[in-house]
Structure formats: structure tokens, C-alpha cells
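The values are calculated or read from the model by the stated rules, or taken from the named source; none is laboratory data. Predicted, not measured: the structure shown is a model, and the values here were computed from it. Every residue, glycine among them, receives a Cβ derived from its backbone with ideal geometry; neighbour counts consider all protein chains shown. The accessibility values were calculated without ligands, DNA or RNA, using every heavy atom of the protein model including side chains. Shrake-Rupley method; radii C 1.70, N 1.55, O 1.52, S 1.80 Å.
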Amino acid sequence: GSVGNENDGDLILTGVVKYPGGDLDKVDPHITIQGTNLPLDRTLLDAMPESYQPWLRKVSTSGRLAMTVAVTRGPADSADVEGAVQISAAKVGAKDGTWALSDVACHADVRPGHVEVKDLAARMAGGAALQASGTVDEQAGGIAIAATGTWKDLNLHANPPALLPPSIAATWSKYKPSGLLDGDFRVVIDVAAAPAEAEARDPLRPPADGDD
């Protein structure tokens with residue numbers, strides 16, 4: 001069957017749900033879900049696995065997504081989800097305002113306990129272009145995020161170092177660097193247990209005429 005409207009997008013569900021002997025405790029779904037133009041909102045985020053919630057509760061989102069996923073019975077009576085998701089025209093940012101991305105688009109392959117994000121493109125504050133790929137893996141008590149990518153034309157005036165370690169942030173405030181920055185990065189985050197660890201290599205260049 002299908003459900004949806006102009007604002008909420010469209011969902012098409014096909015498949016069967018078995019419950020041997022009429023026992024609902026043994027429900028065995030084999031369902032394919034196809035969705036188009038679905039809102040990337042809090043309702044969707046709240047439906048994600050509990051292990052993702054410590055991070056998801058810290059972000060706000062908007063935008064649209066399409067997906068084709070298969071839902072089956074997993075271990076411990078949970079639902080296993082496997083398939084592909086496409087996100088477009090999205091905004092993602094921290095609720096505390098420390099970072100924000102706009103014009104977010106990406107493809108993600110999903111399987112139980114693992115998400116692989118491919119070809120992510122977005123705009124950072126000040127208009128810098130970001131490209132990245134990475135993985136999200138469930139682990140005891142939370143999730144582990146690993147990503148690599150590049151940025152181009154990062155305006156140092158428009159991007160204060162809110163996420164830098166205190167020692168580096170203090171040096172930044174002292175010398176007040178300016179200009180545009182191109183670079184690449186590698187980020188590993190254990191959401192439940194440890195702060196982000198990051199490495200970056202960044203060739204600095206002076207701002208062009210008209211840059212702040």
C-alpha cells in the first residue's frame with residue numbers, strides 16, 4: 001500500500017508479515033519500503049536506533065530524503081533495516097550553534113549496525129564547500145563515526161574555532177589568522193565515550209579581493 005501527501009512525502013510498502021500460530025511475539029516481517037520526498041525532521045530522527053540518539057538529540061535537521069529499504073526481524077526481536085537512502089537540499093547543525101551545514105546532499109548505504117555515507121557535499125558557514133565520505137557504526141553505548149574529506153575556500157573570519165581543543169583555540173584567538181583555507185581532514189568520533197580526534201593538512205592563502 002501507499003501513504004503520504006504533498007508535505008509528508010510518499011511511502012509505498014510491499015511484502016508480508018508472518019506471525020506463526022497467531023503469536024504476535026513471533027512477528028516475522030519481510031517488507032520493502034520505498035519513500036520519496038520524505039521530510040528529514042525530528043519524527044524521523046526519533047525513529048532511528050537508540051544507539052544513535054545521544055548524537056541525534058544534539059542536532060537539528062531539515063530537508064528531504066528518498067529511500068528504498070528492506071525490513072526484517074533482527075536479533076532480540078529488533079527490526080533489521082538494509083537498503084539505500086538519498087538526502088537532498090538538507091540543513092544539519094548543532095543545537096548549540098557550534099557548527100552548521102547547508103545544501104547537504106549525499107547517498108548512504110544502510111545495513112544492520114552500519115551506515116556508509118558516500119559523496120556527501122555541503123556548504124559550511126561563510127560558503128565554504130565541503131566534500132566527505134565516511135561510516136557510522138553502532139557500538140556498546142553509542143556510535144562510532146569515521147570520516148574523511150576536503151574543504152575549499154573556508155573563510156577564517158566566518159568560521160571561529162568553536163570545535164578546536166582549548167589549547168589551539170587560545171593560540172587562534174591570540175594571533176587571529178585571516179584568509180581562505182583549503183584542506184583535507186580525517187575525523188574519528190566516539191559519541192558515547194570520547195571527544196573528536198581530528199587530523200588536517202591545510203594550505204593557507206590570503207583572501208581574494210572582496211573577501212571579509
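Summary of computed values
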read-out	value
So L65, is it surrounded by 15 or more Cβ atoms within 10 Å (Cβ to Cβ), without any contact (Cβ under 8 Å) to a residue 60 or more places away in the chain and within 19 Å of R111 (Cα to Cα)	yes
Residue within region 2-16 that is modelled with pLDDT of 95 or more, under 13 Å from the mean Cα position of the chain (by Cα) and either assigned to a strand (DSSP E or B) or of a type in the set (K, R) (or both) present	no
Condition met for G134 (out of contact with any Pro (no Cβ under 7 Å at 6 or more places or on another chain), at pLDDT 80 or above, under 27 Å from D119 (Cα atoms) and not aliphatic (A, V, I, L, M))	yes
Filter result for the condition that a residue is assigned to a strand (DSSP E or B), over 13 Å from V104 (Cβ atoms), open to solvent by 70 Å² or more (accessible area, probe 1.4 Å) and not acidic (D, E), over T36, T43	T36
Selection from region 63-88 of residues that are more than 18 Å from M48 (Cβ to Cβ) and more than 13 Å from the chain's Cα centre (by Cα)	R73
Cβ-Cβ under 7 Å pairs, at least 6 apart or on other chains, region 146-157 side over 19 Å from G134 (Cβ atoms), far side charged (D, E, K, R) and assigned to a loop (DSSP other than H, G, I, E, B)	N155/D211; N155/D212; H157/D212
Any hit, region 181-188, residues being within 22 Å of A121 (Cα to Cα), modelled with pLDDT of 75 or more and of a type in the set (F, W, Y)	yes
Given (1) modelled with pLDDT under 90; (2) open to solvent by 60 Å² or more (accessible area, probe 1.4 Å); (3) not hydrophobic (A, V, I, L, M, F, W, C), index of the condition D23 fails	(2)
Condition met for A128 (out of contact with any strand residue (DSSP E or B) (no Cβ under 7 Å at 6 or more places or on another chain) and free of Cβ contacts under 8 Å to residues at least 60 places away in the same chain)	no
Subset of region 50-63 that is within 18 Å of I87 (Cβ to Cβ) and either of a type in the set (S, T, Y) or in a loop (DSSP other than H, G, I, E, B) (or both) - its residue that is modelled with the lowest pLDDT	Y52
Residues (under 13 Å from the mean Cα position of the chain (by Cα) and of a type in the set (A, V, I, L, M, F, W, C)) located in region 127-146	A132, V136, I143, A144, I145, A146
Condition met for R201 (open to solvent by 60 Å² or more (accessible area, probe 1.4 Å) and modelled with pLDDT of 85 or more)	no
All positions within region 64-78 that are at pLDDT 90 or above and over 17 Å from G9 (Cβ atoms)	A70, V71, T72
